[in-house]
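Written out below as structure tokens is the structure these notes cover.
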Amino acid sequence: MYIRIGYDISFDVPATTSFLMLLRVHPSVEPELVRPEVPTIGPGLAVTEHLDEFGNRAMRVLVPPGRLRLTNDAVVKVDGLPDPVVPDAVQHWVSDLPDDVLPFLLASRYCEVDRLGDVAWSVVSAAPMGWARVQAICDWVNHHLTFDTTYARPTKTAFDAYAEARGVCRDFAHLAITLCRCVNIPARYATGYLGDIGVEVVPYPMDFSAWFEVYLSGRWHTFDARHNIPRIGRVVMARGRDAVDGALTTAFGSPFLASFQVWTDEVSEPALVE
């Protein structure tokens, strides 16, 4: 299966501003690109790239006052299968976890592990350790939160989402991540493209999406508390402890979003050579 991915985003920049961007697919996805990414950051700005501490491909650019336009368009090959379900995946004792996994048990900017422990243990009280506990958390978060774009804001944390019972995909992810960490299951934030493939098309403009991954049986597994069903065609762009690490654009100034368009569409193979 082939998926066309891309975006066309513009900012009005009132003063010279540094940007940090995670607007490339994750390096693990790059081998599957059958039409490569050619991101443009204009007009004609010099861009440097590096891999951040989570392995994300980051871009840095200094933008003068005026209009900044960001575009990208690529095609990626995916297996066309839903997210794997591994019900016998086991939970590790904390003492057995690899050193690089331990940070994903800790509290972070948007995931207040210290405030939601009682909630987490009540949610998983009837679920055995491992996959079943993560699924119980997804079921509970999916039921507790109502998807509502009017409740989105950059300062919103997992505890805020819990208290308000409304939010967007990143709020579902943050709350589920926090509850997992509370019961000693390492969990990390993931973001990228997720089109309406194999499901009913939702009545919202296409956007980037957020979900999460947990460490069970020695590897990371994908979960999605907002949709709460295995989905086809996820394309990862960034991973981290929470949305701080996975922010697709970070501006060290005060730009204004002028326009925003994202596409994630299944295409036929002949379209690759058009």
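All of the numbers you see were taken from the coordinates with simple rules; none came from a lab. Values in this document were obtained by computation on a predicted structure and should not be read as measured data. No Cβ is skipped: glycine too gets one built from the backbone with ideal geometry, and neighbour counts run over all protein chains shown.
Annotation note: of Thr222, Thr178, the sole residue that is crowded, with 22+ Cβ neighbours inside 10 Å and in contact (Cβ under 8 Å) with a residue 60 or more places away in the chain is Thr178.
Comparison of Gly42, Gly80 shows that the only residue that is under 23 Å from His227 (Cβ atoms), small (Gly, Ala, Ser) and in contact (Cβ under 8 Å) with a residue 12 or more places away in the chain is Gly80.
I'd like the full set of residues that are part of a loop (DSSP other than H, G, I, E, B), among the small types (Gly, Ala, Ser) and within 30 Å of Pro103 (Cα to Cα), limited to the range 29-82. Once the filter is applied, which keeps residues that are part of a loop (DSSP other than H, G, I, E, B), among the small types (Gly, Ala, Ser) and within 30 Å of Pro103 (Cα to Cα), the range 29-82 yields only Gly55. The condition (being farther than 27 Å from Asp118 by Cβ, hydrophobic (A, V, I, L, M, F, W, C), in contact (Cβ under 8 Å) with a residue 40 or more places away in the chain and assigned to a loop (DSSP other than H, G, I, E, B)) is satisfied by just one residue among Ile185, Ile197: Ile197. Does Arg57 satisfy the criteria of being touching a His at 6+ places or on another chain (Cβ under 9 Å), of a type in the set (Lys, Arg) and surrounded by 17 or more Cβ atoms within 10 Å (Cβ to Cβ)? For Arg57, the condition - touching a His at 6+ places or on another chain (Cβ under 9 Å), of a type in the set (Lys, Arg) and surrounded by 17 or more Cβ atoms within 10 Å (Cβ to Cβ) - is met. The residues of the range 83-105 that are crowded, with 18+ Cβ neighbours inside 10 Å and part of a loop (DSSP other than H, G, I, E, B), listed by number, are Ala89, Gln91, His92. For the range 200-218, the candidate set comprises residues that are charged (D, E, K, R) and in contact (Cβ under 8 Å) with a residue 24 or more places away in the chain; within that set, the residue that is nearest to Glu37 (Cα to Cα) is Asp207. Of the set (1) within 21 Å of Ala247 (Cβ to Cβ); (2) small (Gly, Ala, Ser); (3) surrounded by fewer than 12 Cβ atoms within 10 Å (Cβ to Cβ), all apply to Gly44 but (1).
Of everything in the range 114-135 that is surrounded by 19 or more Cβ atoms within 10 Å (Cβ to Cβ) and under 23 Å from the mean Cα position of the chain (by Cα), the residue that is nearest to Leu179 (Cα to Cα) is Ala120.
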